[in-house]
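Undergrad: My structure is below; once you've seen it, I'll send some questions.
The values are calculated or read from the model by the stated rules, or taken from the named source; none is laboratory data. Since the model is a prediction, treat every value here as computed from it, not as a measurement. Here the Cβ is made from the backbone with ideal geometry for all residues, glycine too, and neighbour counts use every protein chain on show. Side chains are part of the model used for accessible areas, which takes the heavy atoms of the whole protein and leaves out ligands, DNA and RNA. Shrake-Rupley method; radii C 1.70, N 1.55, O 1.52, S 1.80 Å.
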Amino acid sequence: MNPMDWKKRIAVYLGFTAFTFMGILMLTTDDFSSRYPSWLMYPCAVFGIIFFGGGGLIFAYQDIRSNLLHMNHVDFSDSGLSINGDMIAWSKIKGFDLYKNSGVNIILVMTKHPEQDIEEEESWLKRKAMLFSLKTSGAVYSFSTMLMKGSPEEILLYCEEKLREHKSSIKG
């Protein structure tokens, strides 16, 4: 399964480009024909360029890098589930859940011992992020379904199917 959908990727890139272009246009226009004063328009333009232009560049860099290295954002292998290169063994995974919040759909990876997973992490920053994720969503690991092929429910079913396959191969 190639989880990334090119149509959704192109839409995201077009969105980044549109907001960045509008920020540049706002900076280069001297006469604003709007009801907002120019002292407010310039900071909005700069923030738009920084966040959407910079965010778009970071997104593009990660996308190109993962394509060149033949990495997937989410990869199912015989040893476990890989999320951005972090491998989670099938024996550690208890299940999956779909978390919906303000139009964002996230697949939560429920592990058997989340506190132990946090303690095993070497990076203190990642440990803090994992602890925050555990407190807010109940899971340490998660991934977004925004750029993946299929509906969030189909992706959840696929994850559960893969987990069942590997649980039955461990038992048998």
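Undergrad: What is the angle, in °, between the Cα long axis of helix 124-137 and the longest principal axis of the Cα atoms in the chain? Nearest 10 is fine, range 0 to 90.
TA: 80
Undergrad: On to the next question. Non-local amide H neighbours of residue 142 (under 5 Å, H modeled in plane, Pro and chain starts lacking H): which ones?
TA: Here the answer is 109, since their amide H atoms fall under 5 Å of that of residue 142.
Undergrad: Excluding same-chain residues fewer than 8 positions from residue 8, which lysines have a Cα within less than 21 Å of its Cα?
TA: Partners within reach: 100, 149.
Undergrad: May I pose another question? When only Cα pairs under 8 Å and 6 or more residues apart are kept, what is the percent relative contact order across segment 71-163?
TA: Relative contact order here is 26 percent.
Undergrad: For an R0 of 30 angstrom, estimate the FRET efficiency from the Cβ-Cβ distance between residue 27 and residue 129 and round to the nearest 0.05.
TA: Computed FRET efficiency for residue 27 and residue 129: 0.30.
Undergrad: If you don't mind, another one. Using only DSSP helix segments of four residues or longer, with each worth -39500 (n - 2.57), what per-residue ellipticity at 222 nm results for the chain after dividing by its residue count and rounding to 500?
TA: It lands at -17000 deg cm²/dmol.
Undergrad: Could you tell me which label, among (1) 15.9; (2) 12.8; (3) 16.5, carries the value of mean projected area of the Cα convex hull in nm² calculated for this structure?
TA: Label (2) holds the value from this structure.
Undergrad: Something else about it: What whole-number value in Å² describes the accessible area per residue of the chain for a 1.4 Å probe?
TA: About 66 Å² of surface per residue is accessible.
Undergrad: For segment 70-138, run through the trypsin sites (Lys or Arg not before Pro) and keep only the ones in DSSP coil with at most 11 other Cβ atoms within 10 Å of their Cβ.
TA: Sites meeting the loop and neighbour criteria: 112.
Undergrad: Once the other residues with Cβ under 13 Å from the Cβ of residue 160 are scored (Lys, Arg +1; Asp, Glu -1), what is the net sum?
TA: In short, -1.
Undergrad: A further question on this structure: Percent relative contact order of the chain, based on C-alpha pairs within less than 8 angstrom and at least six residues apart?
TA: Computed over the chain, the figure is 21 percent.
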